[in-house]
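Asks: I'd like to ask some things about the structure below.
Every read-out reported here was derived from the displayed coordinates using simple, explicitly stated rules and does not represent laboratory data. Computed from a predicted structure; not experimentally measured. Here Cβ is always computed from backbone atoms with ideal geometry, including for glycine, and neighbour counts include all displayed protein chains.
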Amino acid sequence: MADVLTEAFMDDPVICWLFPDPGERGRLQRHFYRPLLSHPAGEAYLAGRREGASVWLTPAAGQAPYGERPDGAGEGVDPVFGESGARLRALGRVLAERHPVHETHLYLPCMGVLRGGRGAGLGSAMLRHRLARADADGLPAYLEASSLRSRALYLRHGFDDLGAPVSAADSPLLWPMWRPRQA
């Protein structure tokens, strides 16, 4: 899972901002994905021929998606991130301010498709699969799109912008998006 996500996001604008050194980006991404992949309220999926991966969390009403650390990074950012730790904290704070906590929902912190598989419908297939279960469970869904291309994909699957795009310091824009529960 971590390998697929790492490779899929190597050229993502936000990941490139978080981890600007291309030589260190892969290693730091693997550390970044570890808590998501082991999250107690999480589910991880591989898709296709291991060309796509997604991680979904289900935070309860009133609960931040990352538990006691509502910014997703906190003061205890792993020292392995070095100078990127400040960027992780800043982005985590901005995203935590916008993350809805008023009701239990499905949260997609990351979904990626390897470069060779992009545009072939794998991202749509992963979304349809998990959103069908969310619909059956009566859950709305939330995510932050990190590119215009991913935002367009999520719009096609029933997500709408949740306010204006956000950024931390000089980071690229992220688009918080919400998909209401479906009947």
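Asks: Placing +1 on the Cβ of each Lys and Arg and -1 on the Cβ of each Asp and Glu in the chain, which of G26, Y45, L88 has its Cα farthest towards the positive end of the resulting dipole?
Replies: Positive-most Cα among the choices belongs to Y45.
Asks: Now, a different point. With +1 assigned to the C-beta of every Lys and Arg and -1 to the C-beta of every Asp and Glu, and no other charges, what is the dipole magnitude of region 2-179 about the Cα centre in debye, to the nearest 20? Mind dumping the intermediate values first?
Replies: On the way: 20 positive and 21 negative charges, 109 e Å.
For this selection, approximately 520 debye.
Asks: What does the helix-only formula give at 222 nm for the chain: each DSSP H stretch with n ≥ 4 adding -39500 (n - 2.57), the total divided by the residues, and the result rounded to the nearest 500 deg cm²/dmol? Write out the running numbers ahead of the final one.
Replies: Numbers: 6 runs with 69 residues, N = 183.
Helices in the chain give a 222 nm mean residue ellipticity of -11500 deg cm²/dmol.
Asks: Using a 10 Å cut-off on Cβ atoms, rank the peptides 162-172, 139-149 from the highest mean neighbour count down. Display every interim value, and only then the final one.
Replies: Details: 162-172: 13.8, 139-149: 19.7.
Going by the mean number of other Cβ atoms within 10 Å, highest first, we get 139-149, 162-172.
Asks: Once you keep just the Cα pairs under 8 angstrom separated by 6 or more residues, what percentage relative contact order results for the chain?
Replies: Working: 300 pairs, mean separation 40.1, N = 183.
Relative contact order of the chain: 22 percent.
Asks: Identify the trypsin sites (Lys or Arg not before Pro) of region 76-136 meeting these criteria: DSSP loop state and at most 15 other C-beta atoms within 10 Å of the C-beta. If you can, show how the numbers build up before the last one.
Replies: Details: sites: R87, R89, R93, R98, R115, R118, R128, R130, R133; in loops: R118.
Answer in residue order: R118.
Asks: For region 2-179, build the charge dipole from Cβ charges (+1 Lys, Arg; -1 Asp, Glu) around the Cα centre, then report which of L155, H102, L114 sits farthest towards its positive end.
Replies: L114
Asks: Okay, next question. Just how far, in whole angstrom, is region 12-37 from region 87-110 if you go by their alpha carbon centroids?
Replies: With region 87-110 and region 12-37 each reduced to a Cα centre, they are spaced 18 Å.
Asks: Now, a different point. Can you list the residues of region 11-48 with backbone N under 13 Å from a point 7 Å past the Cα of R149, pointing along Cα to Cβ?
Replies: Label zone hits: 11-14.
Asks: Work out, step by step, the length gained on full extension between D3 and L37: first 0.36 nm times the residue separation, then minus their alpha carbon distance; give nm to one decimal.
Replies: Values: separation 34, 0.36 × 34 = 12.24 nm, distance 1.17 nm.
Gain on stretching D3 to L37: 11.1 nm.
Asks: Extending each Cα 7 Å along its Cβ direction at R133 and A169, get the distance between those two points in nm, one decimal.
Replies: Spacing of the two 7 Å Cα→Cβ label points: 3.7 nm.
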